[in-house]
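Here is the structure we will look at.
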Amino acid sequence: MSKKVAVIYKTKYGSTKKYAGWMTLKLDADLYEITDIRPKHLLEYDTIVFGAGIYRGKINGINFIKENYDKVRDKELFIFTVGMESINESKKEAIIKNNLDDFKDKDFKLYNFKGSFEYKSLNILDKIMMKTLKKLIENKNKVDLTEDDLNILKGFEEKVDLTDKKSINDLIEDINKKVNS
């Protein structure tokens, strides 16, 4: 018996949509932008994949899952974030605590993928935020600059696209294990 999978995403600049599309194809899933799915539709699925950008440690649109937790509680749940920052295990734990603390009783794993950045395409609020970040990065000693820092600085001059189709392989494998078990 085949289990139904929904991939739900919220995107600001397109990277999350790209990842969601790749996942949908590999999983033969249904794809929804967060504004196109109603809470009652969650009941039709066995597995829910939710993805969104991460901004200042907050998962964009996660309130949709929180507000409908009663509808996803008994389903397989996978969450992915997209951003320019590398996320280690301690950062993942902080993101889970700050965004998903209500899900303590739920077995899920958080996945993070690299996005893209082009300063000139940002909205005004994000431009202000990124200019502040740029100043912080520029005040660092050159030897202390990380690859993430260099990519952000480069994004002020040209588009930096770090999306990678192969990066979803672990998530796809984990979903297939759960769906086919």
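The values are calculated or read from the model by the stated rules, or taken from the named source; none is laboratory data. Here the structure is a predicted model, which is why all the values come from computation and not from measurement. For neighbour counting, all protein chains shown are included, and Cβ atoms are generated from backbone atoms with ideal geometry for every residue, glycine included.
Where in the range 1-64 are there strands (runs of 3 or more DSSP E), lying fully within it, with 3 or more residues that are closer than 21 Å to Glu93 by Cα?
Answer list for the range 1-64: 47-55.
Quick check, is Arg56 under 30 Å from Ser121 (Cβ atoms), charged (D, E, K, R) and either at pLDDT below 95 or crowded, with 23+ Cβ neighbours inside 10 Å (or both)?
yes
Being free of Cβ contacts under 8 Å to residues at least 24 places away in the same chain and within 13 Å of Phe113 (Cα to Cα) is the filter here; which residues of the range 1-27 pass it?
Lys17
Of all residues in the range 123-156, how many are over 18 Å from Arg56 (Cα atoms) and free of Cβ contacts under 8 Å to residues at least 24 places away in the same chain?
Going through the range 123-156 one residue at a time, the tally reaches 10.
Going through the range 72-98 one residue at a time, which ones are assigned to a helix (DSSP H, G or I) and crowded, with 17+ Cβ neighbours inside 10 Å?
Val72, Ile95, Ile96
In the range 105-151, what residues are under 30 Å from Thr47 (Cβ atoms) and either within 19 Å of the chain's Cα centre (by Cα) or surrounded by 11 or more Cβ atoms within 10 Å (Cβ to Cβ) (or both)?
Lys106, Asp107, Phe108, Lys109, Leu110, Tyr111, Asn112, Phe113, Lys114, Gly115, Ser116
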